[in-house]
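Working notes for the structure below.
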Amino acid sequence: MKIRFFLIIACFGVFSSCFIEQEMMLVSPNENIMLDFYLDKSGKPHYEVFYKNSTIIKKSSLGFDFENTNPFSDNFEVMNSSIKEFNETWQKPWGEQIDVVNHYNELIVELQEKSELKRKLNIVFKVYNDGVGFRYEFPEQKNFKEALIKEENTEFNLTEDYKTFWIPGDWDIYEHLYSTTKLSEIDALNYKVNDALAQTSIPENAVNTPVTLVGKEGIHLSFHEAALVDYSGMTLKVDPKNLSFKSNLVGSRNTTYKVKRKLPFHTPWRTIQITDNAPDLIASNLIVNLNEPNKLGDLSWFKPMKYTGVWWEMHLGKSSWDYGMEMVNGKWTDTGKAHGKHGATTENVKRFIDFSAKNNIGGVLVEGWNTGWERWIGFEDREGVFDFVTPYPDYNLNEVTAYAKEKGVEIIMHHETSAATKTYEKQQDKAYALMQKYGMHAVKSGYVGKILPKGEFHHGQNMVNQYNNAAIKAAKYQVAVNAHEPIKATGLRRTYPNIISREGLRGQEFNAWSGDGGNPPEHLSIVAFTRMLAGPVDFTPGIFNIKFNEYKKDNQVNTTLAHQLALYVVIYSPVQMAADLVEHYEANPKPLQFIKDVGVDWSETKVLNGEVGEFVTIARKERKSENWFLGSITDEKSREINIDFSFLDDNAIYEAKVYKDGKSAHWDKNPLDIEFDTFTVKKESKVKFNLAEGGGLAISLIKK
Ligand code: NOJ
Ligand code: CA
């Protein structure tokens, strides 16, 4: 348990040829990763990162520009430094596994300016076996009371022209398709944005995080941040010529600074996950480990669940969110203009409740239940429009919740804020209290549209606070939050485990209406190694009617049916939607059996194989049983996957119920070709499977 730590006080400015004043090195517990911190001759802080003798981050500087004071740049000296080793195992209340090892070596460097003001800045590094996290701490001090940060200047200077999986640095939305290019070829300013997006803002050649990079020798890196609290989200500005990223914080049109904080405070962690293969990126717990422990205590009121809902039918155009009301004297009024297409009716919701109860599905999401939908996308004056306590006349909240309770199903509330933040803030207490009264413990929130107040962006400091405060408030009413159009996930679920899931990616809904061909077959094989590293993903899988020609001829899902099933295991979320319509499931009882059986809360996760953007296979063990479930997906290429079942328990026999692509399956030509098979397997078993183009494989492993 040794910590290798070097403090090299070099030069002291005596020799004019010296570049380094003070240098410190820290290694990971297994000594594979080494971090080097030093001040250069001008007193400017720098760091470097090495992995198994390769340089991952070369000389990169650290600092800030402020609106109200001189920058933090150079002229620092090290006043003090300390190191420690930390090793704990904590437990996820729900998640991909129960036990999480949190083992790192930490270096705290206390800097002070040599100039008259003698302002102080601490930098804290934590080096894990799977990467590095560091953050800036602004301690309480005499000559610095409030920081108006114009820009954070954290460099990540790389040494290779990595293959990079990126979405543009959009201050407003993460719902973009991933591009795969060399680092030197990233061109976010010419990224073709989907016309259907209600909000988007890409001011720089930057990328949103997580951004994942694969090197020629197999090094895998992913850059992100952890514990984003009262600060702006960070995009990474790209310098294609110099193969480097630099922090570029999300701003606001209303201020010339990007972050405002009173001292003392600290920034989020800047994270670099480093592995030598793709599966280990998914297995990494670096992001959650860098967050503080659970502050909510007992969370037994929230149960991970599969859910159905009044949702896909609106995206297909079968029904609508709105009822057809009119605003009369500032009140939504039924003036007889109901169009009869409203989806969230008592009767329709009961149908979903019945179906869920029959199929081992714990929840039903109801969108379009409340007044205000008549004035949603495209309207500027959205404040005061949505009401989070008043149902439409054909939706009886009492009746529906009582019926659901009787059937052992929970109704999931929906709050589409339309990004009208003041209206939502005002109603939150009332709205969450209403949920508590009816025994609803989960809300899906939405923030479609440009943020009101105008000039703010989804990922700026004000909105980061808006999302975090909503979740903290919701917890008081025993409400868990699944946010759409959210700020990125940064592992806060560890601290506030009622932050259960979120969107923050191009979800299934795009397949219904994107007009750009939908999500390509490779989409989830990229998402698993990028967006999913940040935390749970509400992708909403399980579309069985892949072509849905009876609704929309020009749109479709671009995967096979077996691929849709595999997503229940591959894409992690403690709330996992069975997104298709009841009638489409009822017409397909055989594949439905997998959704019925599959777990949603896991005691163990094993990433069996995978390559970023190509394929991935994950096996997860259900918490409440001894059963394992396996999902494997591929991009547009067909491939043979060898499954080694050595992850199974010793001396146990399992019935493997297999859902695999049929011989002529193909995401476009024959997506519904699926085959079923049942055989027994044990730890020693090895089986080959063929995945079709855009295909997948799902297996329930029921312990005998
Ligand atoms: C966008 C969300 O992602 C989607 O799931 C939802 O149905 C609509 N907004 C309406 O709130
Ligand atoms: Ca969305």
Open item on the list: Going by Cα centres, the stretch 67-125 and the stretch 605-648 are how many Å apart?
Closed with: 37 Å
Task: Vicinal HN-Hα couplings computed from phi for the stretch 495-501 (Karplus, 6.51 cos²θ - 1.76 cosθ + 1.60; Hz; Gly/Pro x) - done: 6, 10, x, 7, 7, 8, 7
Open item on the list: Testing the spin-label approximation: label points 7 Å from Cα along Cα→Cβ at residue 67 and residue 437. State their distance in nm.
Closed with: 4.1 nm
TODO: Please determine, in degrees from 0 to 90 and to the nearest 10, the orientation of helix 421-437 with respect to the longest principal axis defined by the Cα atoms of the chain, where the helix direction is its Cα long axis.
DONE: 60 degrees
Open item on the list: Tell me the mean residue ellipticity at 222 nm calculated for the chain from its helices only (DSSP H runs of n ≥ 4, each -39500 (n - 2.57), averaged over every residue, nearest 500).
Closed with: -4000 deg cm²/dmol
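With an 8 Å Cα cut-off and a minimum separation of 6 or more residues, compute the relative contact order for the chain in percent.
11 percent
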- [ ] With 30 Å as the limit, write out which pairs from 142/241; 84/150; 44/126; 341/444 have Cα-Cα distances beyond it, or answer none.
- [x] 142/241; 84/150
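Between beta-carbons, use under 13 Å as the cut-off and find the net charge around residue 629, counting Lys and Arg +1, Asp and Glu -1.
+2
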Open item on the list: Quick check on my link table: of 303/624; 405/437; 350/407; 358/704; 295/488; 52/216, which ones sit more than 18 Å apart, alpha carbon to alpha carbon?
Closed with: 358/704; 295/488
Task: Inter-label distance, nm, simple model (7 Å from Cα along the C-beta direction), residue 82/residue 646 - done: 4.4 nm
- [ ] State the extension gain, in nm to one decimal, for the chain segment bounded by residue 678 and residue 181, taking 0.36 nm per residue of separation less the distance between their alpha-carbons.
- [x] 174.8 nm
- [ ] Take residue 54, project a point 7 Å from its Cα along the Cβ direction, then tell me which residues of the stretch 275-296 have their backbone nitrogen under 15 Å from it.
- [x] 275-281
Task: Simple label model, 7 Å out from Cα along Cβ direction - residue 469 to residue 90, nm - done: 2.5 nm
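Below 8 Å between Cα atoms, with a sequence gap of 6+, how large is the relative contact order for the stretch 559-704 in percent?
33 percent
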Task: Within the stretch 490-527, backbone nitrogen closer than 19 Å to the virtual label 7 Å beyond the Cα of residue 298 toward Cβ - done: 496-499
TODO: Return the inverse of the average 1/r over all pairs of distinct C-alpha atoms in the chain, which is the Kirkwood hydrodynamic radius, in Å to one decimal.
DONE: 26.3 Å
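If you take every residue apart from residue 602 with its C-beta less than 11 Å away from the C-beta of residue 602, what net charge results, scoring Lys and Arg +1 and Asp and Glu -1?
Once positives and negatives cancel, what remains is +2.
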TODO: Name the aspartates and glutamates eligible as straight-distance cross-link partners of residue 145: C-alpha to C-alpha under 15 Å, and not fewer than 8 places from it in the same chain.
DONE: 67, 137
- [ ] Report, to the nearest 10°, how far helix 346-358 tilts away from the longest principal axis of the Cα atoms in the chain, using its own Cα long axis and a range of 0 to 90°.
- [x] 80 degrees
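Based on the Cβ-Cβ distance of residue 117 and residue 653, what FRET efficiency does E = 1/(1 + (r/R0)^6) give at R0 = 51 Å, to the nearest 0.05?
0.10
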Task: Solvent-accessible area per residue for the chain (1.4 angstrom probe, square angstrom) - done: 36 Å²
- [ ] Could you work out the relative contact order of the stretch 144-302, using alpha carbon pairs under 8 angstrom and six or more residues apart, expressed as a whole percent?
- [x] 28 percent
Task: 29 Å Cα-Cα threshold exceeded, pairs from 58/114; 59/637; 637/703 - done: 59/637; 637/703
Task: FRET E, pair residue 41, residue 142, Förster distance 25 Å, beta-carbon r, rounded to 0.05 - done: 0.35
- [ ] Once you have the Cα-Cα distance between residue 159 and residue 704, take 0.36 nm times their residue separation minus that, and quote the gain in nm to one decimal.
- [x] 191.0 nm
- [ ] Determine which residues of the stretch 636-667 fall in the zone a paramagnetic label at residue 547 would reach in this model, i.e. backbone nitrogen under 11 Å from the point 7 Å along Cα→Cβ.
- [x] none
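The values are calculated or read from the model by the stated rules, or taken from the named source; none is laboratory data. The shown structure was predicted, so the numbers you read here are calculated from the model rather than taken from an experiment. Glycine gets a Cβ as well: all are built from the backbone with ideal geometry, and neighbour counts include every protein chain shown. Just the protein is used for accessible areas: all its heavy atoms, side chains included, with ligands, DNA and RNA removed. Shrake-Rupley method; radii C 1.70, N 1.55, O 1.52, S 1.80 Å.
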